[in-house]
Structures are given as structure tokens and as C-alpha cells.
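Step one of this worksheet: look at the structure below.
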Amino acid sequence: MMARTGLSMAAPALPIDPRLARLLDPRSIAVLGASADPAKRGYQAVRALLADGYRYPLYPVNPKGGSILGLPVVRSIGEVPGPVDAALIVTPARTVPALLRDCAAAGVAGAVVVANGFRESGPEGALLEAELRRAVTDTGIRVIGPNTSGMFNLGAGANLVGLTNVPRGPVSVLTQSGNMLLSLVADNRSNGGPGFDIYVGLGNQADVGYHDCLAFLAGHDSTRAVAIHSEGFQDGRAFLSAAAQATRTLPVVLLSGGKSAAGRQSALSHTGAVATSAEVTDAVLRQAGVEVVTRSDELGFVAGVLAISPVPSAEKKVAVLSDGGGHATLAVDALSTRGIPLAELAPHTEQRLRALLGPTAAVRNPVDVAGATDAKPSLFADAVQALIDDEQVGMVIMIGLFGGYHLRFDERLRAEEEQTAARLVELSTTTGTPILVESCYAVYRPSAHDILRQGGIQVLESIDHTVRAAAALIHRAYRLATADERSGLRLPQTAQPRGGTGRLLSEPDGRRLLESAGVATGEWRVVSSAGQAAEAVAAFGGPCALKVVSADVAHKSDAGGVRLNVTAATAAADFTAMLADVARAVPGSAIDGAVVVPMASRGIELLVGVTRNAVFGPVVAFGSGGVLVEAVRDISFRAAPLTVLEAREMIEETVASRLLDGVRGLPRVDRDELARFLVGVGEFAAGVPELQELDLNPVIANEHGLLPVDVRVVLDAALVPTY
């Protein structure tokens, strides 16, 4: 099995609470609520620990005393004769807060609270959970749960779930759903996955959260990948920070639930209107290096492949080797859909393959052996060797019947397939080249496939699954190659708004706030009379825009509060008419004057904005602007702050990026300047905790630079300072 693969440089260590480390890797366990009744969890927990060979001190605790399965029962946690790392509490919910305080007084590092009946059950349960949280805060004890399926550490034999015969391996699992664990274990058994290391059922996350566990697993050598199913983060920003650091050495795969329920937030800006929870969640998780999957059947096998496969070179590409043209075409189509390019084989590689496979084989990538392997499956290893030796090839995907030739054609081919599998393992191991195998015979679990899996080559039943795993490996390679150019999302946390009503700043105040943070907003001037408007337009020396300044007018255009192409000769009349239109459209509105800005020369209309996500904090948005914002929804997101590389990536993700290089007579835009502008907006967002939304729409981009035409800043009214 492959060792962890990551950066050659040392990644920064994540801080780990020693009490949490003891809880997750316990060298002593007490079961509070232990029972001699086989029907109760307190009996089943003790039995499971003994059955799994837990070799450290185990203390059943029950006020009645006695013995359970040959172990003496201690009457209280305070009477346990030695230190306790983990307490499994299986008593009713109402007893838990007091028991946690007793555990803390006895020096117990942490507890797993199985009981339900807390906030998930209603108002009374919420009060009980608040009491539990106070016990945690007062004592420092760490708690997994409540309302959890438990946890296990198979390396330590610490099975606090009670699930039997879980295969041990390199994948750790974090989830709030016990059923999700059951699904992953079932998938692992049917697909021949690599097995499990540590599982934590987080339950209500009253204390221990995803980020806590991820920090521990990043330093746990026997974990080589983490599979996460999340229904919500208690501290999403902390998770992003932990993931950004952990993924420098540890692959993390995540499936999130509940995306559709969040819907859209109520927003005063275009940015907030187009920022759905699912879009933002996926974008910022990928920014942190997390491999995001969208289907429940992808989580287990993607994590398994990342755990055991070497990481390909980021500069190299994929070769497909198939024993059927139809399957090869499907594989290439699936790769193309995911934007994964095929390697262009060198002429000498094609000649080598021709000599191996004969005149009927297709030797251009994808390679089709055209029946050459029917009687000699060992040719697969020879062909893979030729492909790996090609300078462009960094990964090989085998598609077809391998492992089933002895079933399809001749039983005597079994030994040759086994020998070929061993050669493939050796090739992958010695060259560091990932090999993925899709086989029609994977469901039969032939011996050749066992050899592949044990050697770090995953065998999958589906072409689509195989290509999805290949995509995850390529994403991993790119992430590792660019790790030093990323923010890591480790800056101090910005305060979250307290849910106050959003206050829309006047445009002049919004521009001043941005400029004070170093974000340029172009030339502009505030005027309060028709005469001042004429003077300002004359001073700018060209056509200008007039925009009303009023705290009572949120949407200026709708109220007649915008005039375009204003000249020095018409400025006074336009100013007067505009204020009259606004007064009619919004009776009683307080009007403070107008902003005068030069009309932008011809350019591309872009959107740049910020929305404050309730889970992940400030998020920068970029995409097509102007009237296209909500109609086209061409937008990408990154959590703030971001780096120049991350800004370039979000630009490239949009359709708008195709317009920036002067196509069809459009002006050429400096992508580096645009990336730096996005970085500046991200720094502004991270440094202004009261910011709810920022909308720069449109930003006119052309060969002269970037000009924010309209500036809308919404602050949390409960936190707004005086600027």
C-alpha cells in the first residue's frame, strides 16, 4: 500500500488539543451506563470492545456494581483505578451534563455521548444541550456528540460504534450520519476498497467539530485520506482553515447535504442575489483543497483511490488502454467532459506498441489492443510499461476485461493474469505512476484484482467511476503543485455579523470606505447643486454620469436617479430633472446631491462583489456584469482573503474570461491587473467585519484599466462604525 504523498516541504502543523488526541486514540476507556443486560447499549459496547481485541484498560461503570463479561464494574467514574482517555456515556440525556462534570473532575480527557433528546428534539432538548455546553466550557472536557453513532479507532481496537467486521485500512471518516458510515462500509466491501482507520460520528457537534477532527487526522500517520459527509458546519471558517492546511499532505473528500434547503439569501445587491449556498459551498471547499463529490456513491471510492494511489505529475497527462473500442470511446468522452486531456504519444511509443500488439491494434491514445490480449493478457503489462515510459504520460487507465480473461476464454489464463497484476503493481510502485483499472469482471472479485488492490491499484466496476477517480488524482496533483501560491485561509477570523438589518451606504461613503482600504474606484466627485454638477462635468473634460445620492433610494435607475452621457452644457438641467424624477418616484426621500463620474470608454462589463456567507464568512464573487448578472449567472466564488493564483483561477472559471483577450474587436484586458483587483477586494472583505455585501456592477474593463461604474456597500447596521 502506498504511503502518504504530498509536498516535499514540511507542512505547518495544525494545533491539536491533547485531550482530543487522547479521546480519538484512547489507551483507556470507561463505559458509563454499562449493563449486564445483552439488549442494552451498555452491554453491547463492552462486548464489542472485547470482541475487537481492545488491549488497554476497560472500565464498566454502573452504580450497581457487579461484573460484566468477566470485568469488574466500578460504581462511579471517580472510583476508576487509573486514568481514562475516553468515556462512552450511554445513559439517558438528562443525566449527561452532570456525568460530564464528574468525568472532568476525575481527569477524563473526553466523552462520546450517544444519547439523543437534545436540541434535535425541541426546545427542552435545546436547553439540555446548552447545559451540556456549559459543562464543556466550565471543565474543558472534550465531547463527541451528543446524538452520535459513536466513534472507532481500528488501530487501537477502540470500537465505540459496535459495528462488527469493519475492514481496517487507510481511510478515515467524519460524518453526522451513522447510516452514511454503514453505506460506506457496505460500498467498501462490495467494491474491494482499502478499508477504514478512524471514524467519528459528530452528531450535534456540541463541542468537537469537523475542523477539530481534521486537525488530528492530518497528523495521524495511518490515515491516508479522509471521507467527509456533512450536513452543516458549526464553524465553517475554521473548517476551511483546517482543510487548507491538512490537504497539503492529506487528501480530503467531501459530500455535503442540505444544499437545496438553504435557497437564496435575501440580498440588497446583485452579488447576494446570485450567490446560492451550493455554489458558494462547493467553490470555497475546493479553494481549501477539498475534493468535492456530488453523489453518495462517489465518496467512498474517490477517498479510497486517493488513499492508496501515487499522485501523478501535474505536468503530464492521461493514457487510456482498452481491449474494446466502444469502452475506449466512452472513457475518452468522460475524460473530455471533465476537461482531462489525453497524452499525445511520441512516435517511438506508438511504434513500440505496434510491435507489441500487432497490425490491427489502434496505437494512438486511446490505445485499443484489438484482441491481442485475448490469449496473452500479459501484454497489458508490456503496453503499460511502454505508456509509462512516454514523457507525456503521467497516469494510465485500463478499460475492459482484465482479471476476467480466465473466465471469458480459458481458465489456464488465471496464473498469467495474476502475474500480470503483480507486474502492474511493480510498475506503479517503482515509477510512482497511478494506474486505474476498470473491469467488467470486477463484481466477480477475481484473484488478479485482489493482487492489484493490495498493491495500491484500485479496480472499479464503472467507466464513469474510474474517470471520476482519475479527475480526483489530477486535482490532487495540481493542488500540491500550487500549494505555495495559496492563502491557506489562515488569517485571523473576521467577526460574524450579529444578524442586524443591512444598511446600504450612500455611494460616496461606499467609495470612500473602499479607497481607505486601497481599492481604487476611479475618478468621482460629489455635487449638491446644478451649478456644481456643471462645474464637475466641465472639469472632467468629457461626458459623465450623474447618480442621485439618497439613503432612501436603493435602486437608483428604477427611481430615475441616473443620467448618462451628461455634458457640461446639459449638466445643470440634467441634475435638476433627475432630482425631480426621484422626488416623484420616491415621495419624501431625502436627497443629498449626486455623484459625478466620467463615462467609461468602451469595455467589457464585469461583476465584482462580496457576500457574507453565514457559514464561511466573506466570499468574493466575479463574473459577467451589467444586465447579464442574474440572466446568465456566469459567476465564480472564493473565500476572502485570496491570492493572485486563486483570483486567476476564479477568472478562468467564467465565460467572461473568454472575452478578455481582445476577441472580435473587444478591448484587451490585463488579466494580472484584474487578478490584483480581486485580491484587493478580498483583503477589504476580510478586514471589514461589518461588511454584509459589496456590489461593483458593472466594472468596465478595457485596455485602460478597470472602472467601477456603480458602488454599493451594505453593512450590518448593528456593527456600523462612523467613516
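Since every read-out is calculated from the coordinates, none of them should be taken as a lab result. This is a predicted model, so every value here is computed, not measured. Positions of Cβ are backbone-derived with ideal geometry, glycine not excepted, and every protein chain shown enters the neighbour counts.
Points to keep in mind about this one:
- Ranking of ILE89, ILE463 by count of other Cβ atoms within 10 Å, fewest first: ILE463, ILE89
- With the alpha-carbon atoms of the stretch 12-82 aligned to their principal axes, the span from lowest to highest coordinate is 48, 26, 19 Å, starting with the largest.
- For the stretch 310-484, Kirkwood radius (reciprocal of mean inverse C-alpha pair distance, Å): 15.9 Å
- Here the translational diffusion coefficient of the stretch 55-101 follows from Stokes-Einstein with Rh set to the Kirkwood radius across Cα pairs; for 25 °C and 0.890 mPa s it amounts to 211 µm²/s.
- Stokes-Einstein translational diffusion, the stretch 514-645 - Kirkwood Rh over all Cα pairs, 1.306 mPa s, 10 °C, in µm²/s: 95 µm²/s
- Scaled against 2.2 N^0.38 Å for its residue count N, the alpha carbon radius of gyration of the stretch 18-306 is 1.02.
- Computed E for SER528/ARG27 - FRET, C-beta separation, R0 60 angstrom, nearest 0.05: 0.20
- Potential extension, ARG602-SER313 segment - 0.36 nm per residue separation minus Cα distance: 99.8 nm
- Here, the stretch 604-716 yields an orientationally averaged convex hull projection of 6.6 nm² when only Cα atoms define the hull.
- Ordered by the number of other Cβ atoms lying within 10 Å of each residue's own Cβ, fewest first, ARG237, ARG638, ARG295 fall into the sequence ARG295, ARG237, ARG638.
- Computed from the Kirkwood radius of its Cα pairs, the Stokes-Einstein diffusion coefficient for the stretch 529-591 at 25 °C and 0.890 mPa s stands at 211 µm²/s.
- The modelled label-to-label distance for the pair ARG658/ARG445, using points 7 Å beyond Cα in the direction of Cβ, is 4.8 nm.
- Full-stretch length increase - ASP558, ALA375 - with 0.36 nm per residue and alpha-carbon distance subtracted: 58.3 nm
- If R0 is taken as 60 Å, the Cβ-Cβ distance between ALA126 and ALA583 corresponds to a FRET efficiency of 0.75.
- Each label point was placed 7 Å from the Cα along the Cα-to-Cβ direction; for GLU426 and ARG134 their separation is 6.8 nm.
- Other residues within the sphere of radius under 13 Å centred on the Cβ of ASP592, judged by their own Cβ, net out at -1 (K and R +1, D and E -1).
- For the stretch 426-567, the Kirkwood estimate of the hydrodynamic radius, built from every pair of different alpha carbons, is 22.4 Å.
- Reported label for calculated percent of Cα pairs over 47 Å apart given (i) 34; (ii) 29; (iii) 25: (i)
- Length added when fully stretched, ARG75-VAL644, from 0.36 nm per residue minus Cα-Cα: 198.7 nm
- Compared with the rule-of-thumb size 2.2 N^0.38 Å for a compact globular protein, the stretch 114-187 has a Cα radius of gyration ratio of 1.31.
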